[in-house]
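Note sheet for the following structure.
The values are calculated or read from the model by the stated rules, or taken from the named source; none is laboratory data. None of these values were measured; they are calculated from a predicted model. A quick note on method: Cβ atoms are made from the backbone with ideal geometry, for glycine too, and the neighbour counts reach across all protein chains shown.
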Amino acid sequence: MQLHADIRDALRSFRAARGLTAAAILSLALGIGANTSIFSVASALLLRPLPYSDPDRLAILWNRSPGLGIEEDWFSTAQYFDIQGGSTSFDQLAIAIGGQVTLTGGGGPERVGMIRMSSGLLPLLGALPAHGRRFTPADDEGPPASARVVILHHGTWLRRFGGDPAAVGRTVVLNDVAHEIIGVMPASFTLPRDVMNTLGGAEEAEIMLPLQLGPGAAQRRNGEDFNIMAKLKPGVNAAQAQAEMDALTARLRRDHPDVYPPNGGLTFSVVPLQEQVVGDVRRPLLILLGAVAGVLLIACANVANLVMSRALGRRREMAVRSALGATPARIVRQLLTESVLLSLAGGALGLLLARWSMQALHALGAGSIPRLAEVGINGTVLGYTVLISIVAGVVVGVYPSRQLGRTDPQTALKDGTRGATGAHTVWRRRGGLRHLLAAGQLALCVVVLIAAGLLVRSFARVQAVSPGFNPDGVLTFQVSLVGQKYTDVARVHETYRALWERLDGLPGVASAGGVTALPLSQMFAWGPITVEGRPTTRDEKFINVDQRSVAGGYFETMAIPLVRGRFFTDADTPDTPRVVVIDERMADELWPGQDPVGKRIRTGGFDVTPDTPWMTVIGVTGRVRQYTLDGVEPRMAMYHWHRQRPARTLSVVVRGQSSDAAALAPAVREAVKAIDADLPIYNVKTMDARVGESVARRKFAMTLLVLFAGLAFGLAGIGTYGVLAYLVSQGTREIGIRMALGASPRHVAGMVVGGGMATAGIGIAAGVAAALGLTRLMQSLLFGVEATDPLTFGAITGLLAMMALAATYVPARRAASIDPVVSLRAE
């Protein structure tokens with residue numbers, strides 16, 4: 001009953017001060033809405049468990065050889081059996097390999113992601129089909145061709161069969177081979193994209209096939225192309241499993257020195273699946289959470305100032321309540337109820353703002369944030385919003401409530417007859433907390449702005465990095481020549497030759513070519529080589545380099561410069577001696593101070609044989625950023641000629657004569673269709689878009705932090721202005737006395753500006769000191785910029801100083817224009 005009365009009185013109070021109420025609700029809504037938005041992302045990635053059985057026991061294994069520049073690689077089948085037979089930490093173990101297939105049957109041809117998996121993978125994840133069955137150990141053995149089986153992704157089932165349960169038992173055609181559908185996965189099931197990253201650019205494994213390793217798999221140590229997933233035994237943690245893997249790899253290095261040379265440093269890493277999926281998003285998210293917490297605190301400081309302004313005007317009201325018998329506790333409860341209701345209203349509006357912002361978050365984070373589809377307003381996020389709203393309300397209202405709860409009725413009623421509250425003391429005594437709040441706002445604003453400034457500077461440095469090619473005006477797509485009609489290699493060569501001719505002849509096309517793995521596509525393409533005449537040591541059995549096959553006018557289309565020698569020509573055929581083109585780094589490292597043209601190398605390391613052909617270096621290109629713009633390229637690079645080292649799947653690049661590469665897509669599709677109507681093209685993107693995707697995660701964090709910094713800047717500026725404007729209005733009598741005693745308007749204005757800038761100086765200094773410590777946590781997110789970058793710190797300090805000066809201008813002018821006679825008469 002008492003709470004009902006408090007709420008009724010609070011609503012009456014809000015109606016009496018509509019402007020103040022609206023300003024307070026909006027300030028809190030901005031702070032709470034920002035917190036809710038970022039918490040929804042953090043909740044989905046960091047707090048919500050993965051949608052699998054026993055997710056805390058799931059792990060992904062990685063094969064690492066840091067000495068060879070291999071920080072994250074897959075496994076050979078022999079290594080899978082090594083782990084299976086040499087570990088006791090895992091309850092279950094599964095192996096898989098991804099790729100793509102051309103799917104026909106139930107619709108037109110399309111290229112889709114595919115994964116071959118051992119029968120243990122779905123049970124390891126606790127996944128059951130919505131229709132049909134899972135793979136069994138019998139499927140691992142390799143059934144006859146007439147019994148090939150497949151499990152469909154839920155989306156594929158809907159798209160190709162309209163959601164018909166009778167699809168189980170029917171067939172689909174994969175690369176011209178019929179497969180029986182034995183299962184359909186539920187809509188909720190998906191394989192982690194970051195884990196099954198051998199899909200060749202596909203976003204999802206739409207087709208699941210059994211993995212039949214065949215005889216001799218336990219001895220095959222080449223072909224490190226397989227993912228391994230594991231489930232830890234109950235009570236075993238990742239650190240214990242890692243210790244076991246360290247012992248295993250030490251034994252492998254000792255038993256197979258020719259395969260795992262000492263300079264490689266072979267190790268198998270055990271990474272919890274949650275950590276793998278979240279990856280390097282954790283730290284940016286924590287920084288964003290800190291930033292929005294700062295924004296909320298600034299908003300709370302603004303609202304606290306508004307509430308204190310309102311509270312000083314209500315001292316007479318509280319005195320009357322006290323005189324009528326209200327206890328201090330009753331008054332405090334009433335005022336806290338008002339501030340909490342105010343904050344809950346701000347939280348409700350903030351929740352609405354957060355809901356609207358979700359679309360922007362999904363668009364901005366697409367392709368860069370894992371599990372983005374799960375980000376939204378749910379029970380956890382709603383509870384968080386209510387909680388921070390209540391906490392914010394208490395923080396905002398606790399000080400004014402305590403002050404008014406202690407009001408002496410006689411003094412307040414006596415002061416009230418003058419229409420002021422001891423105004424001559426306000427500037428000196430009551431202004432103390434307000435100056436402290438303003439300084440705190442500025443300090444928080446400095447930290448957020450400096451963090452945003454560092455990310456902006458860092459992003460600008462990344463954007464300035466030359467990728468080694470010119471992406472402007474280049475359209476890319478993938479083509480796979482698979483199936484019965486392309487079993488003959490000569491047919492593959494002839495089809496691609498016809499494709500280059502047709503593409504080159506299209507209106508608006510300057511040139512076209514292809515490559516097995518595009519730069520910045522995260523398609524890994526390395527392998528060992530041996531160099532003629534280079535002595536091997538005990539510690540170095542082979543050299544690991546990035547290797548790609550190119551076709552058509554790839555180098556010309558990508559504008560990759562020729563530094564020395566020549567590019568491939570039609571004269572380089574399968575019947576002529578093998579040739580390669582290398583990059584400058586390879587030339588400098590393997591033949592320093594020499595001309596590499598004419599030198600010979602061959603592929604292979606431990607498995608190289610005398611029959612492996614030597615390849616002659618015919619040219620040197622500039623360095624190309626194959627993997628990232630913001631990191632050190634881990635390997636040297638070399639290029640094979642597609643005619644001599646063919647591949648059925650190529651990423652095609654087409655350079656237009658204008659910068660609008662996307663406009664070429666319709667004509668390109670028709671050109672491919674004219675060659676083979678059943679040949680799907682997929683993964684169609686401009687090269688500019690691919691470059692953008694390579695820095696999308698960095699751009700996501702920077703954009704959000706800049707938005708929050710702008711919000712903090714605006715709130716802090718309004719708060720600083722509000723404090724000074726209020727103190728001038730409350731200090732009218734003191735200012736009038738000063739002017740009556742001879743103080744000039746310039747002197748009065750200087751007093752206000754000096755007081756405001758002193759407050760700003762304290763806040764800015766505190767913020768810079770805090771930023772010097774906190775921004776060091778961002779160093780791993782920065783590129784080409786130190787966490788203590790003086791330019792960023794200086795620019796932000798100057799910006800905040802100018803903002804503070806601007807915020808003092810209007811109150812200073814108002815103080816200087818006060819008429820002392822009018823102000824003293826009013827008092």
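Of note:
- Qualifying residues in segment 201-219 (those that are surrounded by 17 or more Cβ atoms within 10 Å (Cβ to Cβ) and not hydrophobic (A, V, I, L, M, F, W, C)) - the one modelled with the lowest pLDDT: Gly201
- Residue that is surrounded by the most Cβ atoms within 10 Å (Cβ to Cβ) [pool: residues in segment 349-365 that are among the hydrophobic types (A, V, I, L, M, F, W, C) and in contact (Cβ under 8 Å) with a residue 24 or more places away in the chain]: Ala354
- Taking the criterion of being of a type in the set (Phe, Trp, Tyr) and over 20 Å from the mean Cα position of the chain (by Cα), the only residue of segment 459-473 that qualifies is Phe469.
- Test: Val632 is within 20 Å of Asn544 (Cβ to Cβ), free of Cβ contacts under 8 Å to residues at least 40 places away in the same chain and within 35 Å of the chain's Cα centre (by Cα): yes
- Each residue in segment 1-23 was checked for being at pLDDT 75 or above and either closer than 13 Å to Val340 by Cα or in contact with a strand residue (DSSP E or B) (Cβ under 6 Å, 6 or more places away or on another chain) (or both), and 1 of them qualify.
- Taking residues in segment 690-709 that are farther than 20 Å from Ala291 by Cα, and partners anywhere that are assigned to a helix (DSSP H, G or I) and of a type outside the set (Gly, Ala, Ser), the pairs with Cβ atoms closer than 8 Å and at least 6 places apart or on different chains are Gly692/Lys699; Val695/Phe459; Val695/Val462; Val695/Gln463.
- Put simply, of Asp73, Asp82 the only residue that is modelled with pLDDT under 85, of a type in the set (D, E, K, R) and surrounded by fewer than 23 Cβ atoms within 10 Å (Cβ to Cβ) is Asp73.
- Subset of segment 48-66 (residues that are of a type in the set (A, V, I, L, M) and part of a strand (DSSP E or B)): Leu58, Ala59, Ile60, Leu61
- Any hit, segment 281-291, residues being farther than 30 Å from Thr337 by Cβ, in a helix (DSSP H, G or I) and either of a type in the set (D, E, K, R) or out of contact with any helix residue (DSSP H, G or I) (no Cβ under 9 Å at 6 or more places or on another chain) (or both): yes
- Tally, over segment 716-758, of residues that are modelled with pLDDT under 65 and under 29 Å from Gly31 (Cβ atoms): 4
- Criterion (assigned to a loop (DSSP other than H, G, I, E, B) and either touching an Asp or Glu at 6+ places or on another chain (Cβ under 6 Å) or not assigned by TED's automatic domain parsing to the domain that holds Met523 (or both)) met by exactly one of Ala178, Ala166, Ala94, Ala187: Ala187
- Odd one out for Ser480, checked against (1) surrounded by 20 or more Cβ atoms within 10 Å (Cβ to Cβ); (2) small (Gly, Ala, Ser); (3) under 30 Å from Ala299 (Cβ atoms): (3)
- Hits in segment 668-687 (condition: free of Cβ contacts under 8 Å to residues at least 60 places away in the same chain and outside any loop (DSSP other than H, G, I, E, B)): Arg669, Glu670, Lys673
- Taking the listed residues Arg434, Arg497, the one that is within 30 Å of Ala291 (Cα to Cα) and of a type in the set (Lys, Arg) is Arg434, with no other qualifying.
- Filtered by the rule that a residue be of a type in the set (Val, Ile, Thr) and either in a helix (DSSP H, G or I) or under 14 Å from Ile450 (Cα atoms) (or both), segment 691-711 gives Val691, Thr703, Val706.
- Selection of helices (runs of 4 or more DSSP H) fully inside segment 487-601 by the criterion of at least 3 residues being touching a residue at least 60 places away in the same chain (Cβ under 8 Å) and buried (at least 18 other Cβ atoms within 10 Å of the Cβ) returns 489-504, 554-558.
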